[in-house]
Each structure stands twice: as C-alpha cells, then as structure tokens.
Amino acid sequence: MKPDRCWCCRAAVLLATGLALATSGVSAVAHLRSGVRGVSLATKQASNPLLDPGQFPNFAGVKPEYMKPAVEERLKDGAVQLKTMEDFLASKENEVVPYDELVLPLERLYEHVGKPWGMISHLKSVRDTPALREVSAEMQPKVTAFWQGVSQSKPIYQALVRLNASAGFAELPEARRRVVHSELLDRKLGGVALQGEAAVEFNGVQQRLGTLSTEFSNHVLDATKAWNLTVTDKHTVRGVPARALAAMAAAAKASGEHPDATAEKGPWVLSLDGTVLGPVLTYAEDRDLRERLFRVSAKKASSGPSDNTGTIGQILASRQREAELLGFGSFADLSLASKMAKKEEVHKLLSDLGTKAKPAALRDDQELRDFAKSKDQSMTDLKHWDRGFFAEKLRQERYGVDSEKLRVYFPFPGVIEGLFGLASRLFDATVEPADDAAPQLRWHEDVRVYRVRRAGFGGAPATEGFLAFDPYVRSNEKRPGAWVQPLVARRHLEGAGETADPVAVIVCNFPQPQGGQPSLLSLGEVETLFHEFGHALQHVLTVQNEAPVSGLNGIEWDAVEIASQFMEYWVELDRTTLYSFAKHYQTKEPLPDETYASLRKAMHFRAGTMMTGQVFMGTVDLRLHEKYQKGEDANAIAKQIAKEVLVVQPLPEARLLCSFSHIFAGGYAAGYYSYQWSKVLSADAFSAFDEAGLDNAKKQTELGRKFAATYLGLGGGRDPAKVFVDFRGRSPTSSALLRYSGLAGEDSPPAGLL
Ligand code: ZN
C-alpha cells in the first residue's frame, strides 16, 4: 500500500484534466487541455513559447514574464470563442447540434485556453520559483472563473442534453458517447441544471464546502505545527535512525534556539510530522517517548483552536445537502455516479476483504504479542505504541533484509533498460531516446525524451508517442513524490486534418548520481518507476482518436491506477523481469538467491493487519457519506465500525477522523475504497499471466499483446468494466489480490512459487 504515491498520481492526472477546478467549488471539466498539431487558432505572440503552436509544448524558452500575457491572451480569446459558441447554440435551440459542431469546438476551446496554464502548472511542480508562484497565484482566480463559466454554460448544457437524447446518439461510437456522458455528468454535478432558489442554495453549499475543506486541512497543519518536544538527552532517542535524527536536529536549528544542533549530539526537536513520527514509533527504544507521541498523534486536531470535530459535522451535512439538491439519495451515490464501482460492489469488496483479512490480523496480533514477550519479559500487555516497534524487530529478525543495502543492485540505468525490455517483450512497444526530436520538452538538463512506438495490430492503428522523463530529486524546486502528467492527448480526426501524438511526463525524485556512481534505487523506488511507467504507457499507447478519452483522459477515478499497479507486479512477482536488471552496479553480480527468497516472503508480513486497516478506513468513509444524519458523532461511528473490523481497537481518547485529510480535504470522499478496488483489478489482470505460467514465453507474448490492445489502448474511451472483461474474459474477483497478499489461506502459495 503506497497511498502517497497514488495520491500524487491521481492529483497529477486531475490537474491535467481540469478536475483541479473542483477543489475551488467549480464543476469538473474532465478534459485534457493540451496542445494539438494543426489547431487553427492563430497566436498573436509567436515568440512567446507558451503560445507556441508546435507539436510539443515548448518549455525550453519559458520565462516568468511570458506567463501573464500568455494566460491573459488565451482567456480573452476563450471568452470570445465561448460567446460565439453560445450564440450559435442559442440560434439552434430547437435542433440537435451534431457532435462535430458541439463537442469538437469545445475541445479546441479547452486546448487553446488550457495549454499555457497547464504548462505553467507543470513548471510549478518541477521548476518552482517565487516569480512563477506569484504569477500563478495572481492568475488562478481568473482561470478558475473562466472554467466556471464554461462549465455552467446553459446553452452548452442544453445542446448536450439534446444530443444525448437524440435518435442518432446510439449510433455514435462508444468513445464519443462517453465524451458526451462525461460532459453532461460533470455539468450536472456542478449544478448547471438547477434553477431559482435551488441554484442559489447549491452555489452557497459549494462555497461553504470549499471553505470547510480548507479549514480542515489548516487545522491539521496547525495542530501538527503546534506540538513539538525538544530532547537534549541522547539516551531518549536511542534506536532512531540517523536520517530521522538529522531531520530533528535540522528542526532544532530552524527554531533559532539551537543553532549548533547536530544529528549526533542534538538537541532534537520531535514533532507530529510523518518524517519524525514514523521513525520514532518504529525505532525508538524509549517506551515512554513512543507513548507520548502516539497519544498526542491519536488526538491530533480534536481540541483547542484546531478542533476539526465541528468541521467534520459541517462537511458531512453540507455534502448530504449537496447530494439532495442534485437529486441523489446520499453523497456516496453522488460520488459513485462518476466512478467505475457500483455501491453494492464497494460494500461487497470491503466486506469480502475484511472477512478474509481478520483471521490473519488475529494471527498477526498473537504472533506480535508472543514475540514481544520473548524479547522483553515486561511486555505482558502490548500497547499501541509498542506495536510498530516490535513489528519492525520481528520483520528484521525473520527476513533480515536491509533495504538500504539492496540499492547497489538497482542502478537506475540498468533498471530503465529492464523496464524498456519488459515493454518490448510484453507489449511489443519500442522505447528509444529522442532528445533531438523534441528538445523543447526538456525543462531541465536531467530530462530525457523517449519515443514510444508500437506497430498496428488487429485493426488498431500503429501508435507513436513521447515521454519526457525527469528522474532525479531537486528539492529546491521540485515537488516531492512521483507522478505522471499527460501533456498532449492523442487525437486523430479523419477528414479534419488533425493529428496529435500523445506526450506524457514522468516525474520522480530518485537520488542524484554522485561522483561517477549512477543513481542507486531502493526496491520501493524500482516499483515506483514501474508504476509510473504503467501510467505513461497507458497514455502514449492509446489507440483512441478522441482527445477527451484518449490515454489517461476520461478514465474513471477508481480505474486510473489499474495499469500502473499492474506493472508493479512484474517487479514483485516475476523473477525473470527482476533478474533482467537486478545486478550489482560494480561487480555485475546478480541479486543473491537467498535475498530474493527473503524479499518474496517479506511481502506477506502483517498483510492481514494492513488490510483490515484499509477496510476500516474504507468502511468508515462509505458509512459517513451514505447515511449521515445531522448531529451524529462521526468519531463514535468510526469506533463502532472499528469493533467490527479491527482486531486492535483505537485508544479511547483517539479521534482519528479529525486528521483523515483524504476524505475531508482531499478527493477521496466516498472514494477511499478506490485503493483496494484498483488493487483487486490489477492483481486479477496480472494473475492471467501468472496462471498461464510466467516462464511460458509464447503465452506471455499473447497476453501482453492483449493487455496492450485493451488496457493500454482503450483508456477512457470504453467502459472500464468492459475493458476488464475484454482482457480477462470474465468479471473481476478478489481472489488474486488475496492470494498475492497471502490472505487466501494456507493452500494458496503466491505467484512464481507454484
Ligand atoms: Zn499512480
């Protein structure tokens, strides 16, 4: 489970598709606003790279002074185009305006206005500067207001309604029907169909929700900042890793009170920040210290000026009202209206996973208690703050894998070769360096451009796309994490003379190469690379011709992580793939067999405990958004659910929901289940290869081509439930995920060990 990474991926995809607008209370317009070759709209400032009409976004020459004029010019153009479009549609108010005259101009509007802003947003995440931030903050409200106007345009909405209801609509290709449905749904959820008092109330609720969500995350931030503990005695922090001690000493220095603080001698400032809390609870030998941090953390943002208790109630009540105004029974119904999963499927998923995981979680608990007692006679009553600590000791004793020491086997250039090799072996995709073909995509000298090609097959066209890959950490200007951003969406319009090849960006934060030594990745970073590459391949190997649903565009929120998580399994479970690159960067010795065996066994460590935790959060999220009654105590509901799902109950004073930002300040409201949903589907997809025999080259080739034709090719242009059946030949089941997590029972060994 790597929620942070998936969060980043989703956030990046949403930013590119305009859904970032939703955070400011504006209806989502789910389209990539990208550049397209042959677009007929003239640019007045050809010398401004942000307005460059070329095939590739031109980052190379962008300067801060170009930004405001570019965005303003496009907003002005956009306002004229929108007015022209609305006048045209108003003149046809009793007619069905065909797709080409309604949706294609809308698409061009998205691209024309969205391109410079999309480029600025991207640069902000990889080459941030004060000047850039200033322009961005100044322009944001104008950009938001413009898209709000487009999203709430009644003539456009009415024309979409008529097209959707017309006799000829069923004759449109599925991709085009999905574009129209998505346009309609986004607008409906933005309240465009509401009239009179309902419309006024809806706008008020939307604004209130925007404010409440900001308030929630501010409270969490403030509560995190408000608590710290200065430790001067080295004995107190014994066991804490050097990396965390360095961060704590840096915090002491930054406070201004301890200018001479060092990682070795202190003082150390402990805080509730994840980079400190995690290492202390996992490694600190001092039981009292662990208890202190655990107790404060469990109650975070639940009292004083940063109390989120009331905020949660208001958010839930406002969401319920928002759903009612839009004609839904609950906010869960509203949220799931734009997702792949149906409500009953989510209930079944959580219930099935919970049932399977609980016996394993009970065993985990007993095992941990026994282990702790064997190490320390006084541990007769294992407390919450002892669990992480002894679990890590048990993990080390049992598997003995030190992830830092494994880095020498994963030099970045070798891993990339192995990854490209897998893309060729499975998907018949050729990835080759192409810096010279698109130098304008290189916003930094570390960025490498690749061309990805695939021959046509089974009636599908040959495809060509580009990847711009920015691999290394630059903490002074690049956002942490790893993500993929679609920059240009594939489009091919017969007869209109328009073709655009897709371009995707992969951003990671791997260690910089040092003194002739290549960047050495951890196994987790290798999996991250495969994960992001899966997203990127889905964007550049698309065969869809309609930009709003080609590549990553138009894929449902809970289906967007399937292709990426699928790629991770090749690192975790396919020995051939792992050993194609797992070689010592100096001696070229392969990863030792015994290390590999330990890594495989460690995959199942405490899987039951982790799964029950995920099921708990997913169930609480769904319950709160399905049946919330004004005035109910959300934390009490969470505790009730904990009794059913969890083996270890939260502390009596715990107020876990008060810092559950995913659902109260992120995009996961009635959507937390998505993590497990996409894991079920990706595991089930991978299991097709596993069942065919991972060493059966012929079968692997066949299945790889099929995966490319379905998952990678069809993207948002086809119902994701149908895409799954296209590939797998049946509906998904959770048995593969349970098997790969070691939760299927004694008689189900993991892949590759069959
Ligand atoms: Zn992802």
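Report the charge-dipole magnitude of the range 359-505 in Debye, nearest 20, computed about the Cα centre from +1 at each Lys and Arg Cβ and -1 at each Asp and Glu Cβ.
In total the dipole reaches around 300 debye.
What does the highest-first list of 437-443, 114-120, 280-286, 237-243 look like by mean Cβ count within 10 Å?
Packing proxy ranking, top to bottom: 114-120, 280-286, 437-443, 237-243.
Any lysines with Cα under 19 Å of the Lys478 Cα? List them, leaving off those in the same chain fewer than 8 positions away.
Filter leaves Lys63, Lys124.
Sort the following peptides by mean Cβ neighbour count (other Cβ atoms within 10 Å, averaged over residues), highest first: 94-100, 493-499.
Ranking the peptides 94-100, 493-499 by packing returns 94-100, 493-499.
Pick out, from Pro359, Val452, Val431, the residue whose Cα sits farthest towards the positive end of the charge dipole of the range 343-452, with +1 on the Cβ of Lys and Arg and -1 on the Cβ of Asp and Glu.
Pro359
What lysines does Lys699 reach when the alpha-carbon gap must be under 24 Å and sequence neighbours fewer than 8 apart in one chain are set aside?
In chain and number order, the partners are Lys679, Lys722.
Among the listed pairs Lys115/Lys342; Lys383/Lys583; Lys339/Lys706; Lys601/Lys639; Lys225/Lys342, give every one whose C-alpha distance is greater than 30 Å. Let's see the in-between values first.
Details: Lys115/Lys342 34 Å; Lys383/Lys583 42 Å; Lys339/Lys706 24 Å; Lys601/Lys639 33 Å; Lys225/Lys342 39 Å.
Lys115/Lys342; Lys383/Lys583; Lys601/Lys639; Lys225/Lys342, as the Cα separations exceed 30 Å there.
To the nearest 10 degrees, how steeply does helix 523-540 sit against the main Cα axis of the chain, on a 0 to 90 scale?
Taking Cα atoms only, the helix is inclined about 10 degrees.
Which whole-number percent gives the relative contact order of the chain, counting Cα pairs below 8 Å spaced six or more residues apart?
Working: 1250 pairs, mean separation 124.8, N = 754.
Over the chain, the number comes to 17 percent.
Extent of the range 255-400 along each principal axis, from alpha carbon coordinates, in Å, largest to smallest?
61, 47, 26
Over 21 Å between C-alpha atoms is what I'm after, so list which of Lys68/Lys188; Lys588/Lys698; Lys356/Lys627; Lys356/Lys643 land there.
Lys68/Lys188; Lys588/Lys698; Lys356/Lys627
Taking the Cα centre of the chain as origin and charging only Cβ (+1 Lys, Arg; -1 Asp, Glu), how large is the dipole, in debye to the nearest 20?
480
About the Cα centre of the range 606-671, what is the dipole size in debye to 20, counting +1 per Lys and Arg Cβ and -1 per Asp and Glu Cβ, all else neutral?
So the magnitude is around 60 debye.
Excluding residues on the same chain fewer than 8 positions from Lys234, give the aspartates and glutamates whose Cα lies under 16 Å from its Cα.
Asp260, Glu264, Glu285, Asp286, Asp288
To test your reading of the geometry: what angle, between 0 and 90 degrees and rounded to tens, separates the Cα axis of helix 287-298 from the longest principal axis of the chain?
Helix 287-298 sits at roughly 30 degrees to that axis.
Run the quick spin-label model on Asp288 and His347: label points 7 Å from Cα toward the beta carbon, then report their separation in nm to one decimal.
The answer from the label model is 5.1 nm.
Pop out the ³J(HN,Hα) list for the range 402-417 in order, Karplus 6.51 cos²θ - 1.76 cosθ + 1.60 with θ = phi - 60°, rounded to Hz; leave Gly and Pro as x.
Each residue's phi maps through the Karplus curve to give 9, 4, 5, 6, 7, 4, 4, 8, 10, x, 3, x, x, 5, 4, 4 Hz.
May I ask you to order 266-273, 450-457 by the average number of other C-beta atoms within 10 Å around their residues, highest value first?
In descending order of packing, they fall as 266-273, 450-457.
Given Cα positions, please report Rg to Rh for the chain, the hydrodynamic radius being the Kirkwood one.
Ratio value, two decimals: 0.95.
Going by alpha carbons, how many degrees (0 to 90, nearest 10) lie between the helix axis of 697-707 and the longest principal axis of the chain?
50
Applying the Karplus parametrisation 6.51 cos²θ - 1.76 cosθ + 1.60 with θ = phi - 60° to the phi angles of the range 238-251, what ³J(HN,Hα) value in whole Hz is obtained for each residue in order, glycine and proline being reported as x?
Listing the rounded values in order: 4, x, 6, x, 4, 4, 6, 4, 5, 5, 5, 5, 4, 5 Hz.
Name the residue farthest towards the positive end of the dipole of the chain from the options Ala137, Leu102, Val473, assuming +1 on Cβ of Lys and Arg, -1 on Cβ of Asp and Glu, about the Cα centre.
Most positive-ward Cα: Val473.
What list of ³J(HN,Hα) couplings, whole Hz, do you get for the range 597-604 from phi and the Karplus terms 6.51, -1.76, 1.60, once you set θ to phi - 60° and write x for glycine and proline?
Rounded to whole hertz, the list is 4, 5, 4, 5, 5, 5, 4, 8.
So how many Å³ per residue does the convex hull of the Cα atoms of the range 401-509 work out to?
Measuring per residue, one finds 142 Å³ for the Cα hull of the range 401-509.
We did not get these values from a lab; they are worked out from the coordinates using the rules stated. As the structure is a computational prediction, the values presented were derived from the model and not from experiment. We place every Cβ from the backbone using ideal geometry, glycine too, and count neighbours over all the protein chains shown.
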